[in-house]
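The values are calculated or read from the model by the stated rules, or taken from the named source; none is laboratory data. What you see is a predicted model, and the numbers here were worked out from it, not measured in a lab. Every residue, glycine as well, gets a Cβ built from its backbone with ideal geometry; the counts of neighbours run over all protein chains shown. Heavy atoms of the whole protein, side chains included, go into the accessibility calculation; ligands, DNA and RNA do not. Shrake-Rupley method; radii C 1.70, N 1.55, O 1.52, S 1.80 Å.
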Amino acid sequence: MTSYSDCSLSFSPGNPPNRGITFVDHASAGRSGHLGHALVEYAPDRLLAFYPNCAGEPNDGHNAVGWMEYKRSTDGGTSWSDPLPFEYSKAVYENGGRSVMTENAVRADNGAVLAVNLECDIAENGLWRPYGVPTYLRSEDGGDTWSDPRALSDEPGRVYDVIRDGDDILALEFENDATDTWTGTRETDVYGLHASTDAGRSFDRRSTLPFDTDGRGYGALTTLPDSRLVAYIYHEENETRLEYLTSTDGGRSWSEIGTTPLAKKIRNPQVTRYGDRYLLHGRSGSYGYASGNFVLYTSEDGLNWDDGTYLRMQEAGAGAYSESLVVGKLDQQSEPRVLIQASHAYEGSKTNVQHWWLTRREGH
């Protein structure tokens with residue numbers, strides 16, 4: 001069994017850290033599901049967990065040829081409903097030539113849920129790109145019904161993270177339509193921060209982040225212990241470091257670029273604040289030694305990370321698109337715990353969807 005490097009946290013009993021729990025068994029039907037792992041707690045102990053249901057071909061399962069589904073839990077993640085199709089995503093796919101992947105979800109201050117989507121043109125090769133203008137749907141009843149899709153910004157691109165900062169909802173979009181490639185290649189490929197101050201009814205552009213985007217992609221947002229906002233991005237040519245910017249005014253202006261080292265590398269970073277700890281997880285890079293595994297780092301300050309722990313070793317092709325959620329924050333009587341969801345390749349690049357649960361150890 002893999003040991004966990006942060007003694008203040010532990011995996012739930014029966015949940016060995018080097019395997020995880022199979023949440024979606026795509027292998028039984030030869031299906032796949034890479035990106036699109038939005039998670040949200042919309043009421044105490046009531047969760048929605050989205051995941052992609054895609055074809056086993058083309059690209060040996062590494063594709064966007066499919067639609068989104070979700071499962072509901074009414075007991076804090078102990079049990080889950082049967083799969084429910086995300087009707088907007090399925091209708092777009094069935095109309096031909098496009099698909100919709102739901103990568104982020106967030107609960108607004110009034111309890112409304114936003115599901116934020118990557119709009120994909122799959123007509124040519126089944127991959128996720130080129131990207132359209134990102135959309136979001138809003139639900140006032142915990143996902144029973146959804147609004148019509150709305151444009152989140154004016155620019156095509158991919159929203160890599162959505163968080164609550166007080167009552168504001170902040171969305172980090174890489175404004176790159178990926179007609180060339182998904183990393184930055186042009187001066188117009190920039191990270192934009194979009195903000196909603198009306199519970200997700202509308203978004204306005206708040207700032208352009210001063211990152212050098214050449215060869216960069218992915219992104220994550222969170223708040224630091226001193227309430228600064230921090231945005232992180234990935235550099236394809238240096239997977240042992242994350243680049244970041246901080247903001248003291250809610251993302252209206254930004255610091256100079258900083259970097260933080262990562263012992264086991266990272267790709268597609270996802271960051272979650274859990275009490276006095278920060279969790280960072282993703283693929284342990286895609287190039288060179290020890291790449292392709294699913295890795296988890298922890299930090300006390302959100303900027304300096306431990307040596308990391310492998311949650312699952314690569315057994316076939318690439319996986320480890322992931323998301324995480326602190327469950328229990330809406331119920332003051334319960335001890336919050338963390339749900340991590342990730343894709344894991346079972347054959348070629350066809351993936352199942354796995355879950356891990358993390359809790360605080362007693363005395364920490």
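Couple of notes before you dig in:
- Scanning region 68-93 for residues that are touching a residue at least 12 places away in the same chain (Cβ under 8 Å), farther than 19 Å from Arg150 by Cβ and open to solvent by 20 Å² or more (accessible area, probe 1.4 Å) returns Glu69, Lys71, Arg72, Thr74, Asp75, Trp80, Pro83, Leu84, Pro85, Tyr93.
- Qualifying residue in region 263-283 (condition: more than 19 Å from the chain's Cα centre (by Cα) and modelled with pLDDT of 95 or more): yes
- Put simply, of Thr135, Thr74 the only residue that is over 20 Å from the mean Cα position of the chain (by Cα) and not aromatic (Phe, Trp, Tyr) is Thr74.
- Scanning region 41-67 for residues that are crowded, with 23+ Cβ neighbours inside 10 Å, hydrophobic (A, V, I, L, M, F, W, C) and in a strand (DSSP E or B) yields Leu47, Leu48, Ala49, Phe50, Cys54, Trp67.
- Breaking point among (1) more than 22 Å from Leu39 (Cβ to Cβ); (2) touching a Phe, Trp or Tyr at 6+ places or on another chain (Cβ under 6 Å), for Ser286: (2)
- Gln354 being within 20 Å of Asn63 (Cα to Cα) and of a type outside the set (Lys, Arg): yes
- Conditions (1) assigned to a loop (DSSP other than H, G, I, E, B); (2) touching a residue at least 60 places away in the same chain (Cβ under 8 Å); (3) open to solvent by 30 Å² or more (accessible area, probe 1.4 Å); number of the one not met by Gly317: (3)
- Residues in region 126-182 that are within 24 Å of Gly96 (Cβ to Cβ), open to solvent by 50 Å² or more (accessible area, probe 1.4 Å) and part of a strand (DSSP E or B): Arg150, Ala151.
- Flag: Val326 does not match the condition of being in contact with a strand residue (DSSP E or B) (Cβ under 8 Å, 6 or more places away or on another chain), modelled with pLDDT of 95 or more and open to solvent by less than 10 Å² (accessible area, probe 1.4 Å).
- Under the condition of being more than 24 Å from Leu339 (Cβ to Cβ), small (Gly, Ala, Ser) and not in a loop (DSSP other than H, G, I, E, B), the residues counted in region 246-297 number 2.
- Selection status of Asp306, among the acidic types (Asp, Glu), over 21 Å from Asn104 (Cβ atoms), part of a loop (DSSP other than H, G, I, E, B) and open to solvent by less than 50 Å² (accessible area, probe 1.4 Å): yes
To keep it simple, each residue is scored yes or no on (1) open to solvent by less than 10 Å² (accessible area, probe 1.4 Å); (2) β-branched (Val, Ile, Thr); (3) under 19 Å from the mean Cα position of the chain (by Cα).
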position	(1), (2), (3)
Tyr191	yes, no, yes
Thr197	no, yes, no
Asp204	no, no, no
Thr208	no, yes, no
Gly219	yes, no, yes
Thr223	no, yes, yes
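- Applying the set (1) modelled with pLDDT of 95 or more; (2) surrounded by fewer than 21 Cβ atoms within 10 Å (Cβ to Cβ) to Ala115 leaves exactly one unmet item: (2).
- Top-ranked residue of region 289-303 - restricted to ones that are among the small types (Gly, Ala, Ser) and out of contact with any Phe, Trp or Tyr (no Cβ under 9 Å at 6 or more places or on another chain), ranked as surrounded by the most Cβ atoms within 10 Å (Cβ to Cβ): Gly292
- Against the list (1) open to solvent by less than 10 Å² (accessible area, probe 1.4 Å); (2) assigned to a strand (DSSP E or B), the condition Glu243 fails is (1).
- Criterion applied to Ala199, Ala220, Ala195 was being in a strand (DSSP E or B) and within 19 Å of Arg138 (Cα to Cα), and the one residue passing it is Ala195.
- Taking the criterion of being open to solvent by 10 Å² or more (accessible area, probe 1.4 Å), assigned to a strand (DSSP E or B) and either under 22 Å from Thr78 (Cα atoms) or in contact with a Leu (Cβ under 7 Å, 6 or more places away or on another chain) (or both), the residues of region 329-351 that qualify are Arg337, His344.
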